[in-house]
Amino acid sequence: MTHLFKNNEHGFSIVELVISLAITLMLLGVAIRMFNVQQDAYNSQEQVTDLHQNIRTSMDAMSREIRMAGCMVVGTSTIKTSGTSTITFLGDVDGDIVTNLTTNAVAGATTIFVSLTPDSNYAIANTDYIYISDGSHTEVVPVNSSASHLIGEPDPIFLNSGLLYSYTAGSATVRTVEKVTFSFDTNNLRIDRNSQPLAENIEAMSFTYGTNTVTVAITGRTANIDPNYGDNYRRGTLTSTIKLRNQ
């Protein structure tokens, strides 16, 4: 029996090619759209994560220092400013300078001497206070504005007012007490600590004062605009009530 074979070399028609190309483009468009949606969702979630991290970090930093308000403070008010969007308080928040009196100091003296080596490792700000105590007498005195740095050994610390009591060298402890301010800078949307930025992209901050407590509320927003969300910014608020341990 004889078999005849014939090659089919017709291929695809123009119509078939056009339809195939159209379907391919449609599928590609859907894939690109899905990718863009996923990318937008990822970017949005990353922005929200950064937002909450920024608020938590700010709250942790503020809580840690506000909780120390009143530490090593006697004879003067702890909270100097208690505003709705700002707070100023005294407290040894960092324990950076703890030393002993190196020379006798008499009542009324406006300069005391300590030994800090090397001097470059220490600094006393013009806003600081000095805590001095020998166990029998204790006082907190503001630093004089000229006391911006320590010089030589023993190191002089200039006071804004005279001591109330006399103290003997070696028997009196000297510490620095910081004057700390937290405020809300609406122009730059940030929290300031002593005029230094603590956090940006903050829209609101408020303080509410109770008996030995301070309640802080911080509202932040995302750094970048989200065109698919409300007024283009996502926001978050964190509230914390801080117990003043040393009041």
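Laboratory data are not the source of any read-out in this text; all were calculated from the coordinates shown. Computed from a prediction, not measured in an experiment: that's the story for all the values here. Here Cβ is always computed from backbone atoms with ideal geometry, including for glycine, and neighbour counts include all displayed protein chains.
A few remarks follow.
- Inter-centroid distance (Cα atoms) of region 55-115 relative to region 158-201, Å: 6
- Directionally averaged projected area (region 127-247, Cα convex hull): 11.4 nm².
- Debye intensity ratio I(q)/I(0), log10, the chain, q values 0.14, 0.15 Å⁻¹ (C-alpha model): -0.96, -1.04
- In this rough spin-label picture, where each label sits 7 Å from Cα along the Cβ direction, the ALA223-THR57 distance is 0.9 nm.
- Cβ-Cβ FRET estimate between LEU164 and THR78, R0 fixed at 25 Å, reported to 0.05: 0.85
- Backbone N under 14 Å from the LYS243 label point (7 Å along Cα→Cβ), restricted to region 30-67: 67
- The chain, dipole about Cα centre (Lys/Arg Cβ +1, Asp/Glu Cβ -1), debye to the nearest 20: 620
- The convex hull built on the alpha-carbon positions of region 41-133 has an orientation-averaged projected area of 9.5 nm².
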